[in-house]
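Notes follow once the structure below has been shown.
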Amino acid sequence: MESFLGVWCTAMSLAFIWPQVWRTVRHDTTHGISAFATAHGMVGSCLWLSYGIGSGSVPMWFSNSQFIIAQSIIMSVLLRHGRIPVRTLAGFAAVMVVLVAALMPLPLAAFGWTATVVSTTSLMPQVVHVARAANMHAISLLTWAVTILSATSWMIYGWVIDDPIMSVVNYFNIPMMIFIIYRASRWRLANGVPIIGRTPPVPAGG
């Protein structure tokens, strides 16, 4: 059961972000995506990567490695659109280095709980952004649907291996993810954008 769940969680984590990458690159738009949340989330993923390596959890470190790659592609579009200054991104990188250096002498659990806090708080700017955004064309509903499934799977995996660190973060994240997909769905319906299927391109400047 544990092995199956590990493979399943890894598969979900490998799958969920790529529809968002495809939509961002294909439409060349970042409407609805919070640049701050994206950078914040990359810091969290680096901490989860460290936790996964330290704990010997292949599903954890492998899934976060590819997530960092995917987020880097999205970040490159955000940078090209001028949505986040280079100095701000450099600041996030510096924070990540400081956090890792400060946590290295501490027990491994310190990485996990810090990653939990960073990952949970990284969703908050995205929630605020979609609550206020007038345009959410860039948000991939498929990504957020699979993200909810992935988070639920990791929560169950944490229960199975008796690792509360893997589970607790999703008690907070799943409700926020549901809100994001709800708001993005409402925007599509209100603006005549199909919930499923091909969507018209957004004007440049996204």
(request) Could you check R83 against (1) under 19 Å from M124 (Cα atoms); (2) open to solvent by less than 50 Å² (accessible area, probe 1.4 Å) and say which number it fails? (result) (2)
(request) Would you check which residues across region 1-50 are of a type in the set (F, W, Y) and either touching a His at 6+ places or on another chain (Cβ under 8 Å) or at pLDDT 90 or above (or both) and list them? (result) W18, W22, F36
(request) Please work out which one of (1) over 15 Å from the mean Cα position of the chain (by Cα); (2) open to solvent by 20 Å² or more (accessible area, probe 1.4 Å) is the condition S72 fails and give its number. (result) (1)
(request) Select, from L108, L103, the only residue that is free of Cβ contacts under 8 Å to residues at least 60 places away in the same chain, under 30 Å from S57 (Cβ atoms) and touching a Phe, Trp or Tyr at 6+ places or on another chain (Cβ under 6 Å). (result) L103
(request) Kindly indicate whether any position in region 187-204 is closer than 21 Å to S57 by Cα and among the hydroxyl-bearing types (S, T, Y). (result) no
(request) Residue by residue through region 46-65, note down the ones that are open to solvent by less than 10 Å² (accessible area, probe 1.4 Å) and small (G, A, S). (result) G52, S63
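The values are calculated or read from the model by the stated rules, or taken from the named source; none is laboratory data. Please read all numbers here as calculations on a predicted model, not as lab measurements. Cβ atoms come from the backbone with ideal geometry, glycine included; neighbour counts cover every protein chain shown. Remember, those area values only see protein heavy atoms, side chains included, never the ligands or the DNA or RNA. Shrake-Rupley method; radii C 1.70, N 1.55, O 1.52, S 1.80 Å.
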